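Scroll down for the structure; my scribbles are underneath it.
The values are calculated or read from the model by the stated rules, or taken from the named source; none is laboratory data. Because the structure is a prediction, the values reported are computed rather than measured. Cβ sites come from the backbone with ideal geometry, for glycine too, and all protein chains shown count toward neighbours.
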Amino acid sequence: MKLEEYIKLEQTRTVYKNLNLILLGTSCVTLATFWMFWSGNFSKTRLTVWITSAILLVSLRWLSSRRFDPNKVNMSNYQHWLNLSLFWSFLGGVHWGLIPTFFLDSQVTIYTLFSSFVLSGYTASAISTNAAYTPAFVAFAFPASMLFAMRFIYQGDEFHLAIAYMIIFFFVVSCLLSRTAQSIFRNARELNYKNMALMDELVIQKEAAETATQSKDRFLAAASHDLRQPLHSSGLLLSALDQYVHDTEGKELISDLHQSNEALNHSFNSLLDVSRLDAGVVEVRNRHVSLNNLVAPLAREYLIDAQEKGLEFICEGEQVTIFTDPILLERILHNLISNAFNHTKNGKITLSWKILSDTRLRLMVCDTGTGIDANELEEIFSEYYQINNPERDRNKGFGLGLAIVKRLCGILGINIFVSSELSNSTEVSGTKFALFLPLGKHSKAKKNSEQVWSLANLSGTFVLVIDDDQSVIRSMNKLLESWGCKVILAESEKEAIEQLVALNVSPDIIIADYRLRENKTGIEAINRISEELNHSIPSIIVTGDTSPDRLKNLTSSGFPVLHKPVSVALLRSAIQRQLGANAPIIEQ
């Protein structure tokens with residue numbers, strides 16, 4: 001719709017929107033005028049005719065307006081409604097303009113002044129009620145004012161001529177004011193029109209951005225799934241191969257391959273973390289834990305990294321218990337410390353903590369790296385945003401670490417603050433991240449730490465593996481057989497049932513890929529097999545899908561879900577837990 005069309009339609013709607021107010025005002029002034037003249041020495045018949053015609057005009061105008069629907073007014077009918085408004089306004093003006101002719105005589109009386117006063121007030125109020133459309137104001141004010149003025153000019157005496165002059169002058173000024181009011185109305189509607197156009201453009205841009213984001217997510221999910229399959233298979237084969245290699249050189253090569261695999265796993269798990277957060281399926285398990293015990297493995301891991309890079313890694317703080325999810329907090333610290341190592345070439349990295357009060361502790365990760373510009377302090381928590389990595393070094397990740405940190409802190413209710421100073425030629429300042437955590441109870445943390453886990457013997461365990469990827473099936477077979485398991489391999493639900501029926505056996509556990517051929521899922525396969533065997537079977541879903549919607553569906557299935565590539569320790573722990581044995585809880 002063009003601007004001028006929009007304004008005309010808005011004028012029409014506003015004229016009829018104000019009509020009830022106009023009719024109410026007209027009725028009140030009409031009754032007051034009738035009462036005033038009724039008390040005077042005037043023809044009761046004329047007064048009765050005048051008030052009857054006034055009631056008839058108001059009633060007819062109200063009835064005609066009842067057919068007006070603001071939602072149905074358009075460019076083909078708006079002029080009809082405006083013309084109808086002009087017609088009724090003109091009749092109303094004539095009706096009021098005949099008052100001097102019907103009721104006033106040649107003498108100047110209080111009734112002359114009263115009727116002039118009423119006309120002026122009525123005309124002034126019409127400026128605002130018809131501000132959207134000046135012709136509607138003129139249609140009323142012109143006949144009313146001119147009939148009044150002509151009647152007083154006809155009298156010919158100085159006093160009546162003065163009143164006539166004032167009425168004409170007031171009418172001209174009122175017309176100018178009405179034009180100004182209409183101009184203001186048009187400007188306001190023009191601004192509103194532009195704002196609506198901007199909003200429409202914003203909606204289009206927002207939809208385009210959402211479409212682009214969805215396309216990106218679909219691409220990442222598809223690419224992640226396709227790449228995870230061979231990576232998952234290679235990880236399982238490496239673990240199986242490890243048992244057959246005994247010479248030192250072979251062990252070193254396998255160790256290097258494991259490290260390479262772990263680096264890829266870390267990159268993929270960063271994408272998985274983002275998908276889990278988007279899907280809202282990250283489960284928080286807060287408990288009382290010893291912070292010293294929690295950071296000890298991190299300290300050992302990063303001390304080795306520090307020695308290799310020629311840096312100093314310091315981990316210090318008093319014995320303290322906190323109340324949080326230790327797995328999620330460990331992930332936060334891992335990302336913060338890794339980020340510090342990526343941006344520190346000289347000096348030291350410090351992980352320290354201090355009790356601030358009876359309920360709160362401050363945990364800090366500090367480095368002496370290159371620092372962050374103040375303008376980038378907020379941006380560093382954005383996804384895929386990286387500092388000092390124009391060459392996109394894969395060893396520095398995807399730029400998801402701090403984005404994950406920010407979102408995990410939000411889930412855990414941890415306040416995080418960052419401060420930094422850029423290094424210069426004379427000093428290296430670096431960056432400081434501060435986390436504020438709730439304190440826990442030492443007695444409860446001690447109970448948690450006393451749990452002892454044992455490694456179950458899986459020899460003789462009957463495992464059914466369902467996966468439509470041949471490389472995954474072969475690698476799973478090699479690994480499970482190296483653990484002493486009896487394995488049945490199937491590429492579909494139908495093939496699995498056929499083998500189980502032929503062998504007349506029931507598996508101890510099912511490991512099924514989520515996405516199978518013919519749009520079937522591992523969840524459907526597990527449920528169908530359980531139906532066929534008339535009892536539920538401990539099961540695990542393995543998937544390479546990372547889309548948020550898919551993660552929600554998987555989480556709601558009730559089966560434990562492992563995401564490819566699955567580490568051997570995680571797979572064994574999950575199998576052990578599903579079989580009812582004690583096993584450490586290992587998270588991806």
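Among the residues of the stretch 468-480 satisfying the criterion of being in contact (Cβ under 8 Å) with a residue 24 or more places away in the chain and within 18 Å of Leu238 (Cβ to Cβ), which is surrounded by the most Cβ atoms within 10 Å (Cβ to Cβ)? Talk me through it step by step, then tell me what you get.
So the first thing to find is which residues in the stretch 468-480 are in contact (Cβ under 8 Å) with a residue 24 or more places away in the chain, and the list is 468-469, 471-472, 474-476, 478-479.
Right, trim to within 18 Å of Leu238 (Cβ to Cβ) and you get 469, 471-472, 474-476, 478-479.
Working: Asp469: 19, Ser471: 15, Val472: 23, Arg474: 16, Ser475: 23, Met476: 27, Lys478: 18, Leu479: 22.
Selected residue: Met476.
Would you confirm whether any residue within the stretch 307-324 is of a type in the set (Phe, Trp, Tyr), surrounded by 20 or more Cβ atoms within 10 Å (Cβ to Cβ), assigned to a strand (DSSP E or B) and without any contact (Cβ under 8 Å) to a residue 60 or more places away in the chain?
Yes - at least one qualifying residue is present in the stretch 307-324.
If I go through the stretch 264-306 residue by residue, how many of them are at pLDDT 60 or above, among the aliphatic types (A, V, I, L, M) and assigned to a helix (DSSP H, G or I)?
Qualifying residue count, the stretch 264-306: 10.
When residues of the stretch 287-298 are filtered for being crowded, with 18+ Cβ neighbours inside 10 Å and over 37 Å from the mean Cα position of the chain (by Cα), how many remain?
The total comes to 0.
Hey, can you tell me all the residues within the stretch 2-31 that are surrounded by 13 or more Cβ atoms within 10 Å (Cβ to Cβ) and of a type in the set (S, T, N, Q)?
Gln11, Thr12, Thr14, Asn18, Thr26, Ser27, Thr30
Residue check: is Ser506 touching a helix residue (DSSP H, G or I) at 6+ places or on another chain (Cβ under 8 Å), of a type outside the set (A, V, I, L, M) and within 23 Å of Ser459 (Cα to Cα)?
Working: touching a helix residue (DSSP H, G or I) at 6+ places or on another chain (Cβ under 8 Å): yes; of a type outside the set (A, V, I, L, M): yes; within 23 Å of Ser459 (Cα to Cα): yes.
Judged against the criteria, Ser506 is a match.
Filter the stretch 488-534 for residues that are among the small types (Gly, Ala, Ser), in contact (Cβ under 8 Å) with a residue 12 or more places away in the chain and surrounded by fewer than 17 Cβ atoms within 10 Å (Cβ to Cβ) and give the result.
Step one: of the stretch 488-534, the residues among the small types (Gly, Ala, Ser) are 490, 492, 496, 502, 506, 512, 522, 525, 530.
Remaining after also requiring in contact (Cβ under 8 Å) with a residue 12 or more places away in the chain: 490, 492, 496, 506, 512, 522, 525.
Within the stretch 488-534, Ser492, Ser506 meet the criteria.
Before we move on, is Leu333 out of contact with any Ser or Thr (no Cβ under 9 Å at 6 or more places or on another chain), in a helix (DSSP H, G or I), modelled with pLDDT of 85 or more and over 21 Å from Ala445 (Cβ atoms)? Write out each step before concluding.
Values: out of contact with any Ser or Thr (no Cβ under 9 Å at 6 or more places or on another chain): yes; in a helix (DSSP H, G or I): yes; modelled with pLDDT of 85 or more: yes; over 21 Å from Ala445 (Cβ atoms): no.
Answer is no for this residue.
With respect to Ser471, determine if the residue is assigned to a helix (DSSP H, G or I) and modelled with pLDDT of 80 or more.
yes
Within the stretch 287-340, how many residues are touching a strand residue (DSSP E or B) at 6+ places or on another chain (Cβ under 9 Å) and of a type in the set (Lys, Arg)?
Within the stretch 287-340, residues that are touching a strand residue (DSSP E or B) at 6+ places or on another chain (Cβ under 9 Å) and of a type in the set (Lys, Arg) number 1.
Need a quick list: helices (runs of 4 or more DSSP H) entirely within the stretch 44-126 having at least 1 residues that are within 59 Å of the chain's Cα centre (by Cα) and surrounded by 15 or more Cβ atoms within 10 Å (Cβ to Cβ). Spell out how you get there, then give the answer.
Details: elements: 44-65, 78-97, 99-103.
Those helices (runs of 4 or more DSSP H) span 44-65, 78-97.
Considering only residues that are polar (S, T, N, Q) and at pLDDT 90 or above, which ones fall in the stretch 425-468? Spell out the reasoning first.
Going through the stretch 425-468, the residues polar (S, T, N, Q) turn out to be 425-426, 429, 431, 443, 448-449, 451, 454, 457, 459, 461.
Hit for the stretch 425-468 is Thr461, nothing else.
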